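Before any comments, here is the structure.
All of the numbers you see were taken from the coordinates with simple rules; none came from a lab. Since this is a predicted model, take the numbers as computed values, not measurements. Neighbour counts are summed over all protein chains in view; Cβ atoms, including those assigned to glycine, are modelled from backbone coordinates with ideal geometry.
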Amino acid sequence: MYDARYGTDWDHLDTWEILERAYALGVADGCGETNREEYDRLRDELGSYDESIVELSFREGRAEALSLRGDAADEEVWRRLVEAESSDDGTDGLGALPGFESGALALVRQIQTARRGRRTDVPSFLRRE
């Protein structure tokens, strides 16, 4: 499933491509198709600081797949979570996968916002007035 859609012959991926692939790998793993080498390559591509968001994305995909697996065949689970078309919701490329528009995506957005220094939910005692 994963190899057919994404392939493993890549030299460099940006952060969002890595997270999308990690999610898809998690879905594939939940469907019984494990690819530990590709997962390790994705983690290594981001480096140690961001390994946790790769793991989160993978786990989210796996959990979603396992939750659907009792009701559907593996191919149907893959189709629902990875291959179904999603609407253009203005997420700047995030959420391209229907199932990825869940907890992992929300956390990634929070991390992205915090890193850019545009976090708006700063506690009042830290605000300059």
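Local charge sum around ALA4 (other residues, Cβ-Cβ under 15 Å, Lys/Arg +1, Asp/Glu -1)?
Numbers: positive: ARG5, ARG21, ARG79; negative: ASP3, ASP9, GLU33, GLU38, ASP74, GLU75, GLU83.
Surrounding charge for ALA4 is -4.
By how many nm would the segment from GLU75 to TRP10 grow when fully extended, if each residue of separation counts as 0.36 nm and the alpha-carbon distance is taken off?
Between GLU75 and TRP10, full extension yields an extra 20.9 nm.
So what J values fall out for segment 57-63 if you push phi through Karplus, 6.51 cos²θ - 1.76 cosθ + 1.60 with θ = phi - 60°, rounded to Hz, Gly and Pro as x?
4, 4, 4, 4, x, 5, 5
Given N residues in segment 17-78, what is its alpha carbon radius of gyration divided by 2.2 N^0.38 Å?
1.09
Which GluC sites (Glu not before Pro) in segment 1-87 pass both tests, a DSSP loop state and at most 13 other beta-carbon atoms within 10 Å? Mind dumping the intermediate values first?
Working: sites: GLU17, GLU20, GLU33, GLU37, GLU38, GLU45, GLU51, GLU55, GLU60, GLU64, GLU75, GLU76, GLU83, GLU85; in loops: GLU33, GLU85.
Loop-located and lightly packed - GLU85.
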